[in-house]
Amino acid sequence: MAMEFSGEYGIPATQRQVWDALNDPAVLQACIAGCKQLDKISETEFSAIVGTKVGPISATFRGSVLLSDMDAPNGYTLTGQGQGGAAGFAKMVAKVSLAGNGDSTVLKYTASADIGGKLASVGSRLVQTVAKKNADDFFAAFARHFGATAAPLEAATAPASTRAGSRQESNFAAMPPVVGPMTRSASGIASLCSSVPAWMAVFTCAIGFGFGYFVALAH
Amino acid sequence: MANPDFQTIGRHVRRREDRRLLTGHGRYIDDIDIPGALHACFVRSPHPHARILSIDAKAALDMPGIVAVFTGRDLAEWTTRLRMAPPIDGLQPVEMDTLPIDKVCFQGDPVACIIATDRYQAEDAIDKVRVEYEALDAVSSMWRALEPDAPKVVDKLPSNLLSHQHATHGDVEARKREAFRVVESTFSQHRQTHLPIETRGCVAVWDEGRQHLTFHVGTQVPHPYRTTLAARMRLSELQVTVDSPDVGGGFGQKIALYREELTVAAVARHMKRPVRWREDRMENLLASSQSREDFCRTRAAVDADGRLLGLELDIVEDFGAYSFYPGNYLARVVAMILTGPYKVQDYAYDVKVVLTNKVGNGPMRAPMAITSWVMDGTMDAIARELGLDPVDVRRINMLRPEDLPYTMATGEVLADVTPRETFEAALEKIGYLEFRARQQRARAEGRYLGLGMCTVVESTTYGSRFYKAAGIAGSGHEAAWVRIEPSGVVNVSVGLGATGQGYETSLTQAAAEGLGVDPQQVHLHIGNTDVAPYGMGSRGARGGTAGGGTLYLCAQEARTKVLAIAAKLLDVADGASLRMVDGRVQRLEGGEWGGTRLTLADIARTAYLDPLALPEGMSPGLEFHKTWDPPPMTYSNSTHMCEVEVDAATGAIRFERYLVAEDCGTVLSPVVVEGQQHGAIAMGLSGALFEQVHYDENGQNLSGTLADYLVATAHELPRFEILSMHTPSRATPAGIKGMAEGGVMGAIGALTSAVNDALAPFGIVADRQPLTPMYLRDLIRNKQRKQQ
């Protein structure tokens, strides 16, 4: 199941500090909950193991991330993939850019992701929301690393081809793509959450966790 | 509903199995306690289409409680491959491994089997089995499957076109040329799954000393299942007993021997230990059989009055990746019986069945479900295009009593059916003209009411001659035995497999009728192949006619012998002047039936314990066996009418009324038939409104929970009004026709017809299901945009 999402965060540090931290495995590992191992294999390649056990699913994501379009300290493109064993797999391409403004930096990313296996079968309705939340959690932790609080300046999530593939569902495809600050208008999603069993909401956090991890690796 | 011709058939008797089932004393697979049984679970592919490069189970084997991990290579040593290659013109032969060895073909395809001392440990070990895949492009729709550059689901086949059959009866092209108009309509049904409350499951017990397998499994077809299981394990039939206990629903999902069950049986033999497996709900949604996903197009050549001159049908069915059944099995029946209650002799069809990277299809209650929707939807389309009343178009085309018996264009013969009668009765009951007036008033208020109608001719009992004519391998016969014990108790059996239909009620009524005893005196033994006779099991709606009919005939033979003994004991010439009522022998004297001193117990005692008192040359005991092959096909018929209101602002559908007039011939048990009517209509409405197996464009199944795969509950469904009619079949014992699937067929047709009637002012037609609010709003919105 394919999806797209993006975000923008203000971080209270200079652009160079942010860039360095984003390339420091120790910092990243500290900011990713459940990160068992994070290795910088080369300047442009990381490998990581992130374990989690949530609800009925115990998943260990083993992933690799390749960085390309390197433009220090302004940004790069990352291509990641992770195998979550029985939980399925995830793939993502994200473009990350930094814009410095004195003592603070604005980080923007746009990502397209694809998930498969149980992740897709069980979590398709909620995964985007939760993935986004986990990305936010990562940046909050990342900002705390600089002794402050990160704030999502503006963010958007959009179902790319989510539920748009088959003939039966062109009703979804025909809906205008959602743009703009979607995370603010999460009330619809909240009501969706309330209509599903609690364990599922918990479980999908695990999925989002996988995303948080990829987004995290980007930086 | 009691029929004066019968003593017990048609009598209102409570379901005999309900006390056991409703008080929690049913015995399902998980109620069978086998000490020391190991637990199996399956490692499944997250990819819809991928090569299996390697499987490494070392880490899993180090975990506590893990006894073994087996893969397709192990199973290939212990079992044969499944070859599905019946000699059917236009059908490609295919084979499959017991577990995939080279590549996986849908998300959820099993690649390894973990055996552990309990299920929790087995589940935990799934994560430790490392499977390396090379992902391949997947075919996620039937339209993609047919493109020349589509990836191939089965590498050895020339394309994804699994089956292609076509036929022309009469001269459709000439009729199209002569026609006032050729009306084209399309119909798309979505992928659904059977969703039994009890998922699949089994326990395999291997007796090493006797070299014998006892396989506890919920199955609709105990004997054919045993034959297949034995063959796939390279055992003889004497080495396998299949025991099907209480089963919590099948709907067609529990017919074929699937790969998981075969794996469990093979592992039990290999390990010489009992092994059990229970499919969880997610597995059931992701990896058990599915059905329904098909597309139909009709082109109807009509005159100016809407009279059908000729008809063309194209079907494309998405069959999924694996053939547990011949690929033409489902769609071909739709083509053969399509025209149903309507007269047309010039008819052509083209049926394509394609492979995709989805779960393999299996027949689901009313595999021909789309039939009646397509035909009545075509009638609605003709009415719409010609500006005629849909009732008039149906009337002008529908079979009248004087047209019967009617040989359909395909050669199928309709006899003893009453579509005209059910249609008119339903119209009258619903108050058609009054509805139209009400509809007009409502429209003036901005409310959109719709009335839908669908007349069903339901193929119920498939005899061997139908299968042969349709190019489908298999027999339609059924078998029964009756044994009257020395005490007069009556034990009976048939080869059906019960999955909740209430056979213990309806079939004991059939046996009791044939013999002349109270149904409570009869006990049905079903599901165990050591006990039951070799019958073809439960499929379609054959239980009543094939099972009930054979048992009725067998019981009649028993009665003949019982009365012959009675004649000897009463010193009358023969049994012709005797009969048995409620287990007591009666004698005709002076035109009046009067009681005698004899009961069935007296006669049974004589037959077993005093055989020298029997008539000259008669063998002792009271044991009877009968097999019977039903006519090529029996048909029931019904007309469904459904009144809805569609909220144009939200697309929500609200039921106002639901009515069915149904003629299913002689009814064995009214309570069972009513249950089937309710269940079938509910299943049809639920499918047309909610249930959808959703694959995304990459072949990922996004409906792995019951929060995604939505099912109607009582709350969403209307009250069902039922008009019962009973025209017996003259070709079957007691006039039984069978029923159980027509409700699905009629429901999806009547509902869609109603929604389209409601939406007529918008100039739109819903031609696919499910009829979600989003879909209906989308139709309305797009139409309004175009008009602006």
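Some notes on this structure:
- Counts of other chain beta carbons within 10 angstrom of each beta carbon in peptide A:120-129 average 5.
- The DSSP beta bridges internal to the stretch B:269-365 are antiparallel in roughly 45% of cases.
- Over 19 Å [Cα-Cα, the stretch B:607-669], rounded percent: 69
- With K and R counted +1 and D and E -1, the other residues having a Cβ less than 10 Å from that of B:I396 yield a net charge of +1.
- Per-residue ellipticity at 222 nm computed for chain B from its helices equals -8500 deg cm²/dmol, with DSSP H segments shorter than 4 residues left out and the rest contributing -39,500 (n - 2.57).
- Packing-based order for A:4-11, B:39-46, using average beta carbon neighbours within 10 Å, highest first: B:39-46, A:4-11
- As a calculated quantity, the FRET efficiency between B:A707 and B:Y432 at R0 = 41 Å, using C-beta atoms, amounts to about 0.55.
- Lys, Arg +1 and Asp, Glu -1 on Cβ, resulting dipole of the stretch B:430-567 about Cα centre, debye, nearest 20: 740
- Stretch gain in nm, segment B:E95-B:D149, where the contour uses 0.36 nm per residue and the Cα spacing is subtracted: 17.2 nm
- Shape class for the stretch B:547-626: oblate, because the ratio a/c of the largest to smallest gyration tensor axis (alpha-carbon atoms, square roots of eigenvalues) is 1.5 or more and b/c is at least a/b.
- Burial of 50 Å² or greater, the stretch B:756-772 residues [accessible area, probe 1.4 Å, versus chain by itself]: B:R768
- Environment charge of B:M271, counting only residues whose C-beta is closer than 12 Å and scoring Lys/Arg +1, Asp/Glu -1: +1
- B:R210-B:L157 FRET efficiency (beta carbon distance; Förster radius 35 Å; 0.05 resolution): 0.25
- Accessible surface, per residue, of the stretch B:693-749 when the full set of protein chains is kept, probe 1.4 Å, Å²: 34
- Counting only protein heavy atoms and a 1.4 Å probe, the stretch B:307-430 has 24 square angstrom of accessible area per residue.
- Antiparallel DSSP beta bridges within chain B, percent to nearest 5: 80
- Between B:Y467 and B:Q787, the simple label model (points 7 Å from Cα in the Cβ direction) yields a spacing of 5.4 nm.
- Packing-based ranking, highest mean first, of B:657-667, B:87-97, B:741-751, B:575-585 given that Cβ atoms within 10 Å are counted: B:741-751, B:657-667, B:575-585, B:87-97
- Once backbone amide H atoms are built at 1.01 Å from N, B:L702 has B:H694, B:Y695, B:D696 as its partners under 5 Å, excluding neighbours fewer than 5 places away on the same chain.
- Sequence-distant residues sharing a close amide H with B:L38 (under 5 Å, placed H): B:V275, B:R276
- Heavy-atom accessible surface that B and A bury in contact, both chains counted, 1.4 Å, Å² to 100: 2600
- Phi to ³J(HN,Hα) by Karplus 6.51 cos²θ - 1.76 cosθ + 1.60 over the stretch B:354-360, Hz, x for Gly, Pro: 10, 8, 9, 7, 9, 4, x
- Stretch gain in nm, segment B:R654-B:T168, where the contour uses 0.36 nm per residue and the Cα spacing is subtracted: 170.8 nm
- HN-Hα J in Hz across the stretch B:425-434 - Karplus 6.51, -1.76, 1.60, θ = phi - 60°, x for Gly and Pro: 5, 5, 4, 5, 5, 7, x, 4, 5, 4
- Summarising the label geometry, the points placed 7 Å from Cα in the beta-carbon direction at B:R719 and B:E134 lie 6.4 nm from one another.
- Multiplying the residue separation of A:S47 and A:A30 by 0.36 nm and removing their Cα-Cα distance gives an extension gain of 4.6 nm.
- Residue-count net charge about B:G742 - beta-carbon cut-off 9 Å; Lys, Arg +1, Asp, Glu -1: -3
- Using only side-chain charges placed at the Cβ, +1 for Lys and Arg and -1 for Asp and Glu, the dipole size of chain B relative to its Cα centre rounds to 100 debye.
- q = 0.21, 0.22 Å⁻¹: log10 I(q)/I(0) that the Debye formula gives for the stretch A:40-140, counting C-alpha atoms only: -1.24, -1.31
- Between the amide H of B:T727 and those of B:C664, B:G665, distances stay under 5 Å, these residues lying 5 or more places away or on another chain, with hydrogens modeled in the peptide plane.
- Ligands, DNA and RNA left out, the accessible area of the protein assembly as shown computed with a 1.4 Å probe is 52% carbon and sulfur.
- Annotation: per residue accessible area for the stretch A:1-132 equals 37 Å², rounded to a whole number [probe 1.4 Å, protein chains only].
- Gyration tensor (alpha-carbon) shape descriptor, the stretch B:10-145, a/c threshold 1.5: oblate
- Antiparallel bridge percentage (DSSP; both residues within the protein assembly as shown; nearest 5): 85
- With DNA, RNA and ligands ignored, accessible area of A:D24 (1.4 Å probe; Å², nearest 10): 60
- Ranked by the mean number of other Cβ atoms within 10 Å per residue, highest first, peptides B:450-459, A:62-71 order as B:450-459, A:62-71.
- Simple spin-label estimate for B:D571 and B:F762 gives 8.5 nm between the two label positions (7 Å along the Cα-to-Cβ direction from each Cα).
- Across the stretch B:526-537, coupling constants 3J(HN,Hα) worked out from phi with the 6.51/-1.76/1.60 Karplus curve, θ = phi - 60°, read 8, x, 9, 6, 6, 9, 6, x, 6, x, 8, x Hz, and Gly and Pro carry x.
- For the stretch B:510-532, the residues whose amide N sits under 15 Å from a probe point set 7 Å from the Cα of B:S487 along the beta carbon direction are B:520-524.
- Shape call, chain B: gyration tensor on alpha carbons, a/c limit 1.5: oblate
- Inter-chain Cβ neighbour average for residues B:702-711, partner chain, 10 Å: 5
- Shielding value for B:42-55 is 2, the average number of Cβ atoms from other chains within 10 Å of each residue's Cβ.
The values are calculated or read from the model by the stated rules, or taken from the named source; none is laboratory data. Since the model is a prediction, treat every value here as computed from it, not as a measurement. With ideal geometry, Cβ positions are generated from the backbone for all residues, glycine too; neighbour counts draw on all protein chains shown. The protein model used for the area step is the full one, side chains on, heavy atoms only, and it has no ligands, DNA or RNA in it. Shrake-Rupley method; radii C 1.70, N 1.55, O 1.52, S 1.80 Å.
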